Structure formats: C-alpha cells, structure tokens
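Engineer: Below you will find the structure I want to go over with you.
The values are calculated or read from the model by the stated rules, or taken from the named source; none is laboratory data. Predicted model, so just to flag it, every value in this text is computed and none were measured. Cβ: placed from backbone, ideal geometry, glycine included. Neighbour counts: every protein chain shown. Surface accessibility is based on the protein's heavy atoms, side chains included, excluding ligands, DNA and RNA. Shrake-Rupley method; radii C 1.70, N 1.55, O 1.52, S 1.80 Å.
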Amino acid sequence: MGLQYDDSTPRAPAARPRGWLRAVIVGTMAILFVGAAVGFIGFLSQLRGVEIKPARNADGIVVLTGGSSRVSDAMELLAGGYGKRLLISGVHPTNAASDISRSLPDNQSLLGCCVDLDRSAVNTRSNAAETRRWVRERGFKSLIVVTSNYHMPRAILELSHAMPDVTLIPFAVVGDRWRDEPWWTSGATLRLLLSEYVKYVAAEVRVRLADAGIDLAPEISDPPAQAPRRPATAQAN
C-alpha cells in the first residue's frame, strides 16, 4: 500500500500567523473606535447649552466670525463694559465696515471708537495669530473669546497656544438650532459636530507635537515689533 501525504499539515503553521495578524488588526480598530467615541463624548461635554455672561471683565474682546449672532453678542458685551475694545477677526475682504454698521444699527458709536477689523484670518489658526498681534499691540493681558459653542474648544486651544501668557475667558454663543432640538436628532447638526471634533483632534495633535518641538506646519512669524500692523478700525474703508 502506497504512502499518502497530508498536504494540509505544512500549511497549518502559516494559517496561525494570518489569524493572529487579523486579530491584532481587528483589536486595534476596536480600540481606536472606542477611543474616538470616548473622545467625542468628552468633546461634547465641553459644549455649553446656554449662554452665560462672563464672570469677569477683560482688557479686550475677540469674536471669531463664521456663525450667526456671534458679532451681535460680542457687541453687546462691549456695550456692557466687559472689555475696552473689540476685534472682529475673519471679516471677509469684500465686506466693508458699512456692511457691519447696517447690521448693528444700535451700536454705531461703539463701531466708530472701539472696534477693530481683521480681514487676514481665514481659519481658526490664523484667527489666533491675528488676535495675538492685536493683543500685543494693545498690551492686553486678558481676553473674552466669543464664538459658537461647538467651535469654542478648538478656538481656545489655538488661542491659548498662540498666547500662553494671556488669560482667556470663553463666551459660547448658542445657536437657535441647538436650542430648538437635541443635536442627536438632527443629521446636519451631528455632521457639524463630528466634523468639528475631527478638526479639534487634528489641532490638538499638531499643538502637542509643536510643544514637543515637532512643528509639522510652521506658522508665519509675526512682523517686527518696530513696525506693527494695526487692524483697520470699523470706520476705515
């Protein structure tokens, strides 16, 4: 009787490493998913559901444009004496000061005396850079930050990284959509929060790497101190 060889025996050891690799990949993906879910919950816990007036005054106020009622809320804080001056950061280059004046008819005197416009910033990181220039030129040591509640964690992260020596006081603007319906019942709001969370995590990673001396996206340095570039006042243009 002839001998028969079992071809399956030599292949068995090779199958085990493939199964082990698959288990590692699945386990890693599960850990990443759980970590992302926990991080998202932590991100949501930072978001305020109601607007709360600042507990104290500050030297200045900065509002980051991009959301409804941010500028009007910042103007109310300025009118209430919460800060000496207001910087509106991220004004579109094509928007004239008269456009802002028409939208805020009750604050014409403040727009003329105490408001500066920044037209250079195009994202949150450049908002922070332009705000830093403005703060240094004015000699401010404390700042009330006005932006939407979902944007506030990333705004504070970028601003505190750019100005570690300046005290930041958040004033989170809560939009009507946030008040009218729970975020988990609105697909648009959920997508907005997930997108903002991804941007926040990316900013957190970049900032931590920069603090460790690894700057993946170097920032353009500020202009020399002897030739400061002041933002235009609201009366300009």
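Engineer: Enumerate the helices (runs of 4 or more DSSP H) found wholly within region 111-208, keeping only those where 1 or more residues are among the charged types (D, E, K, R) and under 17 Å from the mean Cα position of the chain (by Cα).
Structural biologist: 124-138, 152-162
Engineer: Right, another one. Here is a list: VAL145, VAL122, VAL135, VAL173. Which entry is among the β-branched types (Val, Ile, Thr), crowded, with 21+ Cβ neighbours inside 10 Å and either farther than 16 Å from GLN46 by Cα or without any contact (Cβ under 8 Å) to a residue 12 or more places away in the chain (or both)?
Structural biologist: VAL135
Engineer: Search region 82-96 for residues being among the aliphatic types (A, V, I, L, M) and buried (at least 19 other Cβ atoms within 10 Å of the Cβ), and hand back the single one that is modelled with the lowest pLDDT.
Structural biologist: VAL91
Engineer: Do we find a residue being out of contact with any Cys (no Cβ under 7 Å at 6 or more places or on another chain), surrounded by fewer than 17 Cβ atoms within 10 Å (Cβ to Cβ), modelled with pLDDT of 80 or more and part of a loop (DSSP other than H, G, I, E, B) anywhere in region 213-234?
Structural biologist: Looking for residues that are out of contact with any Cys (no Cβ under 7 Å at 6 or more places or on another chain), surrounded by fewer than 17 Cβ atoms within 10 Å (Cβ to Cβ), modelled with pLDDT of 80 or more and part of a loop (DSSP other than H, G, I, E, B), one finds at least one in region 213-234, hence yes.
Engineer: Can I ask one more? If you go through region 27-61 one residue at a time, how many are open to solvent by 90 Å² or more (accessible area, probe 1.4 Å) and outside any loop (DSSP other than H, G, I, E, B)?
Structural biologist: 7
Engineer: Inspect all residues belonging to region 62-79 and state whether any of them is open to solvent by less than 60 Å² (accessible area, probe 1.4 Å) and acidic (Asp, Glu).
Structural biologist: Checked against the condition, which is being open to solvent by less than 60 Å² (accessible area, probe 1.4 Å) and acidic (Asp, Glu), region 62-79 yields at least one hit.
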